[in-house]
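Take a look at the structure set out below.
Values quoted throughout were computed directly from the atomic coordinates according to the rules given, and no laboratory measurement underlies them. None of these values were measured; they are calculated from a predicted model. When we count neighbours, we look across all protein chains shown, and the Cβ atoms used for this are built from the backbone with ideal geometry, even at glycine.
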Amino acid sequence: MNLAPLVVFAFERPDHLRRTLQSVVQNAEAKATPLIVYLDHPRGFQRTEKSRDVEAVARDFAENFASFALHLRPYNYGLSWNIINGVSEVLERHERVIVLEDDMVVSPDFLRYMNTALEKYAQEPRVASIHAYVYPGFDGGRQAFWMRGADCWGWGTWRRAWKVFEPDARILYTLLRARKLEYHFNGFGRYDYMQMLRDHEQGLINSWAVRWHASAFLRGMLTLQPPSPLVTNIGMDGSGIHSGENPSFLRQSPAVFNFRLPEKIQENTRLTKRLFAGFVKSQHSSLRSVFQPMLHTFKRQLLGTIRFFKHVFVKVNPDSLIWRGDYPNWESALADAGGYDAAEIAQRCFRAAREVAEGRAVAERDSVLLDRQEVRWPVLA
């Protein structure tokens, strides 16, 4: 079998990465599998002790795989751009890829399942990806099934499928509404993925997964879901940046690959509805997970209210954007206003650049300090 390379995305959790790689090497196929690790840079300018520990853990496992490559990011990419860029880069050199993050403990059958399915459906244009995880308590019987769209916890895809990935959340949201697919896209009304796209567009979240799901969904492409999980997410312990604490996820144990792969490629709406119902139930298994969506909704509504009143104020008082004063002529007004050649501007820009260089800020734009590296998609386009 043509074994796909395994790509692991890591940050500052050496213990989690060690558990992940320890589980992978229990797979018989590991020795014949290339391992590629993308280690994101800390948010400051300097490498941290945890980041160096993660690098050391990754190198400890190099001899357990057919080949080993470690990519150290020069600055903090953030999870979304790290994954999008890394998967795209690997698929420029390989036809297929298997993707894990540093908090996923896998079954000893994980690589056999992923490679078997990637081989079986390689030439099926309707298949977007292979997924290895289902949520706590889900029992899909003895056969894997198809879900429309894509998924993100232990997955694999091909170069041909990844080409449909659309990074612009606004385009995805607009197309889904125009085609009246909101209810279906939202897991038949069980989870608000449409709002996730809006939140991403407005900068409230930064999710590569919802854009991958929407990109595949709009093309009518399907993802293979196992009837029982071959992955346990150990990151729901409060250690992650993008996820909270949820004990129900931690109680899972990876299953074995003892189920059939479907011959017919068709969405199974019955099991998909059950899958989303189980996901929603597992999300609300802790008190924290109940209040997090409420706080997120409040933040979203507050920002919307602020934008609304700013818009009304400008409409009612258009002169609010005009500087006025009692100046006898243009020259005196210009002298009072100053310009871009002011020495203070250069000094402020210099001070901000030094803050970044010395690791006290991640980035700066026009002397304004930023706490994260931002990717400006319109500029790149």
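Measure nothing fancy, just the Cα-based angle from helix 49-60's long axis to the longest principal axis of the chain, in degrees from 0 to 90, nearest 10.
Tilt of helix 49-60: around 30 degrees.
Helix 287-316: angle to the longest alpha-carbon principal axis of the chain, degrees 0 to 90, nearest 10?
30 degrees
Can you compute the modelled spin-label distance between Val256 and Ala335, with each label point 7 Å from Cα toward Cβ, in nm?
Once both label points are built, they end up 9.0 nm from each other.
Work out how much length Glu124 to Ala69 would gain on full extension: take 0.36 nm times their residue separation and subtract the Cα-Cα distance, in nm to one decimal.
16.8 nm
Only one of the values [x] 31, 28, 21; [y] 46, 26, 18; [z] 43, 27, 19 was calculated from this structure for semi-axes √(5λ) of the Cα gyration tensor in Å; name its label.
Working out semi-axes √(5λ) of the Cα gyration tensor in Å from the coordinates points to [z].
Can you tell which of Gly149, Gly304, Gly220 shows the greatest fluctuation in a Gaussian network model of the chain with Cα springs below 10 Å?
Its mean-square fluctuation being the largest, the pick is Gly304.
Lys pairs in the chain, Cα-Cα under 27 Å, at least 8 apart or on separate chains: how many?
So the count of such lysine pairs works out to 14.
With an 8 Å cut-off on Cα pairs and a minimum separation of 6 or more residues, tell me the relative contact order of the chain in percent.
Dividing the mean separation by the residue count of the chain yields 18 percent.
Sorted by packing (mean other beta-carbon atoms within 10 Å per residue), highest first, where do 162-173, 180-191, 368-379 land?
Averaged packing, sorted descending, gives the order 162-173, 180-191, 368-379.
Counting each pair of different Cα atoms once, what's the Kirkwood radius of segment 134-224 in Å, rounded to one decimal?
It is 13.8 Å.
In debye, nearest 20: dipole of segment 334-375 around its Cα centre with unit charges on the Cβ of K, R (+) and D, E (-)?
I would put it at about 180 debye.
Given the options Asp40, Asp139, Asp102, state which has the largest fluctuation in a GNM of the chain using a 10 Å cut-off (strictly under) for Cα springs.
Asp139
How far apart, in nanometres, would the label points at Arg160 and Gln22 be if each is projected 7 angstrom from Cα along the Cα-to-Cβ direction?
With each label placed 7 Å out from Cα toward Cβ, I get 4.0 nm.
May I ask what percent, to the nearest 5, of DSSP beta bridges between residues of the chain are antiparallel?
Around 45 percent of the beta bridges assigned by DSSP in the chain are antiparallel ones.
Any idea what the relative contact order of segment 119-228 is, in percent, if you count C-alpha pairs under 8 Å spaced at least 6 apart?
Reported relative contact order: 50 percent.
Among Trp330, Phe68, Asn258, which residue has its Cα furthest toward the positive end of the charge dipole of the chain, with +1 on Lys/Arg Cβ and -1 on Asp/Glu Cβ?
Asn258
Would you compute, from DSSP H runs of 4+ residues alone, the mean residue ellipticity of the chain at 222 nm, taking -39500 (n - 2.57) per run and dividing by the full residue count, rounded to the nearest 500?
My calculation for the chain gives -13000 deg cm²/dmol from helical runs alone.
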